[in-house]
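To keep things clear, I will list the structure first and then write my remarks on it.
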Amino acid sequence: MLKDLLDGYITQKDVLSYYNANISYKLLPIGINGFVFNYKGINNIIINNTISYYKRRKTLLHELAHIELNQLCQIDKDLFAFHINKYEDDADEYIKFLLE
Ligand SMILES: [Zn+2]
């Protein structure tokens, strides 16, 4: 799915509706580009609104990779629990893999 987006076959809107996801731009602490959590079947992607356009795009892809790789925790756990290093690396490796 993300591969199709990167290759230009589908739009960001298609991906968001496929994954039942929505994006909010919010003021987040410095160093946190974004995060994603699933609540009642909806994937909520939160992106720092102070980062550059390029970084926002990159963060969005990263969060979508978490969704595609099924790395989301439940809301009752720590929101940032899934941001453990292994998952962070996996998400980034996956994007790299798709871009090759
Ligand atoms: Zn992440």
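If a residue has to be among the small types (Gly, Ala, Ser) and modelled with pLDDT of 95 or more to count, how many in region 9-35 make the cut?
Going residue by residue through region 9-35, those that are among the small types (Gly, Ala, Ser) are 17, 21, 24, 31, 34.
Keeping just the survivors that are modelled with pLDDT of 95 or more gives 17, 21, 24.
Adding up the residues that qualify gives 3.
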Item to complete: Tell me which residues, restricted to region 78-100, are at pLDDT below 70, more than 17 Å from Ile45 (Cβ to Cβ) and of a type in the set (A, V, I, L, M, F, W, C).
Response: Ile84
Response to the item:
For Ile75, the lone unmet condition from (1) in contact with a Lys or Arg (Cβ under 9 Å, 6 or more places away or on another chain); (2) at pLDDT 75 or above; (3) of a type outside the set (Phe, Trp, Tyr) is (2)
Discussion item. Condition (residue is charged (D, E, K, R), at pLDDT below 95 and exposed (fewer than 13 other Cβ atoms within 10 Å of the Cβ)) applied to region 36-45: is it met by at least one residue?
Written reply: yes
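The values are calculated or read from the model by the stated rules, or taken from the named source; none is laboratory data. Note that this is a predicted model, so its numbers are computed, not measured. Note that we place each Cβ from the backbone using ideal geometry, even for glycine, and neighbour counts take in every protein chain shown.
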